[in-house]
Amino acid sequence: LTPQDLAGRRVLVTAGPTQEAMDPVRFLSNHSTGKMGYAVAARAALRGAETTLVSGPTALDTPAGVQRVDVVSACEMYDAVVSRAAEQDMIVKAAAVGDYRPAETAAEKLKKGEGELTLALARNPDILAELGRKKRPGQLLCGFAMETQSLLENAAEKLRRKNCDMLVANSLRDAGAGFGTDTNVATLLFADGRRETPPLMSKEALADVILDRLLAMRQARA
Ligand code: C5P
């Protein structure tokens, strides 16, 4: 039987990609499948947490015991997360949120012309940075970072800038890590400067490690 060590805690997880519409048939997105975030939500619920999963478009089933909120764009994810943030004990932001959206979404399908098409992009709000600004005492914030270069430097900078307690840094270059795989290898960075690199393991097992570390931080502060 799974220990109910997260009973009485509220955990919000984000997962999956966002889709940013150009017109009614086209969008900008990324390769995220949502597997890592769904694993965190599944394990949190099994360990007794009251778990909310704010999910971009994925092909995955809702994990047992999880309340799922479906969104499409980064702006929709922002509203869904920020409106639920205050009551959460832990927020795990595994979603691959699009940084930009088409500056305008055409009401009708864009027709092709003869020459080039230039697409103007507007910046999306940074959900995690906003959560970091609004973080209340005792609340724990965990971000994710995926990079193709200078991973740990960028991750450490994100941890600080977004006021996170922990950041999970994934390299797209490591075998067994990244989009669509069932395993992951990541370095966990903590606000106090500690770093930890668990061995290659399933996304479920890594989800448990992430939740273990957040719970330990919570207990250390209590
Ligand atoms: O800066 P970068 O996008 O690499 O940071 C990744 C982390 O920030 C992830 O946890 C992701 O969910 C979050 N993020 C966000 N809103 C954005 C962009 C990223 O919450 N607009």
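Name every residue in region 158-180 that is of a type in the set (Asp, Glu) and within 13 Å of the ligand (Cβ to nearest atom), in order of residue number.
Pass one, region 158-180, residues of a type in the set (Asp, Glu): 165, 174.
Listed by number, the list holds a single entry, ASP165.
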task = Identify the single condition in (1) among the small types (Gly, Ala, Ser); (2) under 22 Å from ARG84 (Cβ atoms); (3) not in a loop (DSSP other than H, G, I, E, B) that GLY138 does not satisfy, given that it satisfies every other one.
result = (3)
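Please indicate, with yes or no, whether at least one residue in region 147-165 is closer than 23 Å to CYS75 by Cα and aliphatic (A, V, I, L, M).
yes
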request  = Only residues that are of a type in the set (D, E, K, R) and open to solvent by 70 Å² or more (accessible area, probe 1.4 Å): list them for region 101-128, please.
outcome  = ARG101, GLU104, GLU108, LYS109, LYS111, LYS112, GLU114, GLU116, ARG123
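State yes or no: is ALA155 under 26 Å from ALA39 (Cβ atoms), crowded, with 16+ Cβ neighbours inside 10 Å, among the hydrophobic types (A, V, I, L, M, F, W, C) and within 12 Å of the ligand (Cβ to nearest atom)?
Taking the combined requirement at face value, the residue satisfies it.
Only one residue in ALA39, ALA49, ALA44 is crowded, with 24+ Cβ neighbours inside 10 Å, under 13 Å from the mean Cα position of the chain (by Cα) and either small (Gly, Ala, Ser) or more than 20 Å from ASP208 (Cβ to Cβ) (or both). Which one?
Being crowded, with 24+ Cβ neighbours inside 10 Å, under 13 Å from the mean Cα position of the chain (by Cα) and either small (Gly, Ala, Ser) or more than 20 Å from ASP208 (Cβ to Cβ) (or both) holds for just one of ALA39, ALA49, ALA44, which is ALA39.
The values are calculated or read from the model by the stated rules, or taken from the named source; none is laboratory data. What you see is a predicted model; the values in this text were computed from it and never measured. A quick note on method: Cβ atoms are made from the backbone with ideal geometry, for glycine too, and the neighbour counts reach across all protein chains shown. Accessible surface is based on the protein model in full, side chains and every heavy atom, while ligands, DNA and RNA are left aside. Shrake-Rupley method; radii C 1.70, N 1.55, O 1.52, S 1.80 Å.
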